[in-house]
Amino acid sequence: MRSTRGFESILLHIGEKNAGLKAENFSAMTGAASKREDAFPRAARILLVEDNPADVFLLREALVSNHLESQLFVARDGEEGIRFINEVDEARAPCPDLIVIDLNLPRKSGFEVLARVRSSWSCAETPAVILSSSTAPSDRQRAASLGASTYIRKPSSLKEFLSIGESLKGFL
């Protein structure tokens, strides 16, 4: 059996305050999530594949400002995003309720991450939202052909960015 130590290192848990869970120990976190589900409805699990810390921060604020209780997990490049989905398929992690993917990522593109999500036997039906600064019609078309649930252009203003939380609520 392969160790999940490498997987633990790819997770950056942003929603600790909202979820009341720690990210240091992924197996303990998933166990705690199971116990929480028994007691009351759990927070939505969201995987964000994003390399820009400022965008991670802004998305977290968008979720909080729209009262979306969530556990936000961050993969900092495309390869980490793919590894996350591999761990889900190997039953080492729960499938997120929503996956948000940037297109322009180091190591593997957002398109490669989206293709892996759609080929996953665990997460193929999970809503996958592209959040990108690209306005190229070819990027929108390719994302749609790979099965993106929607394509959201990264806003340039704080107010517009915070409104993304409301859009993401519709997928949960």
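The values are calculated or read from the model by the stated rules, or taken from the named source; none is laboratory data. Quick caveat, the model's predicted, so the values are computed rather than measured. With ideal geometry, Cβ positions are generated from the backbone for all residues, glycine too; neighbour counts draw on all protein chains shown.
Points to keep in mind about this one:
- Leading residue by the ranking (modelled with the highest pLDDT) among those in the range 35-57 that are among the small types (Gly, Ala, Ser) and in a helix (DSSP H, G or I): ALA54
- Given (1) touching a helix residue (DSSP H, G or I) at 6+ places or on another chain (Cβ under 6 Å); (2) in contact (Cβ under 8 Å) with a residue 12 or more places away in the chain; (3) surrounded by 15 or more Cβ atoms within 10 Å (Cβ to Cβ); (4) in a loop (DSSP other than H, G, I, E, B), number of the condition PHE161 does not satisfy: (4)
- The single condition among (1) modelled with pLDDT of 95 or more; (2) loosely packed, with under 15 Cβ neighbours inside 10 Å; (3) under 18 Å from ILE46 (Cα atoms) that SER138 does not satisfy is (3).
- Unmet criterion (only one of (1) out of contact with any Phe, Trp or Tyr (no Cβ under 9 Å at 6 or more places or on another chain); (2) on the phi < 0 side of the Ramachandran plot; (3) at pLDDT 95 or above; (4) not basic (Lys, Arg)) for GLY147: (2)
- Extreme residue, surrounded by the fewest Cβ atoms within 10 Å (Cβ to Cβ), among residues of the range 105-129 that are assigned to a helix (DSSP H, G or I) and not charged (D, E, K, R): SER119
- If the condition is being in contact (Cβ under 8 Å) with a residue 60 or more places away in the chain, part of a loop (DSSP other than H, G, I, E, B) and crowded, with 17+ Cβ neighbours inside 10 Å, then the range 58-91 contributes LEU68, ARG76.
- The residue of the range 40-61 that is farthest from ARG153 (Cα to Cα), among those that are of a type in the set (A, V, I, L, M) and in contact with an Asp or Glu (Cβ under 8 Å, 6 or more places away or on another chain), is ALA43.
- Just one of (1) in contact with a Ser or Thr (Cβ under 8 Å, 6 or more places away or on another chain); (2) modelled with pLDDT of 95 or more fails for PRO155. It is (2).
- Every condition in (1) modelled with pLDDT under 95; (2) closer than 25 Å to ASP102 by Cα is met by PHE84 except one, and the failing one is (1).
- If the condition is being within 19 Å of PRO127 (Cα to Cα) and not in a loop (DSSP other than H, G, I, E, B), then the range 147-158 contributes THR150, TYR151, ILE152, ARG153.
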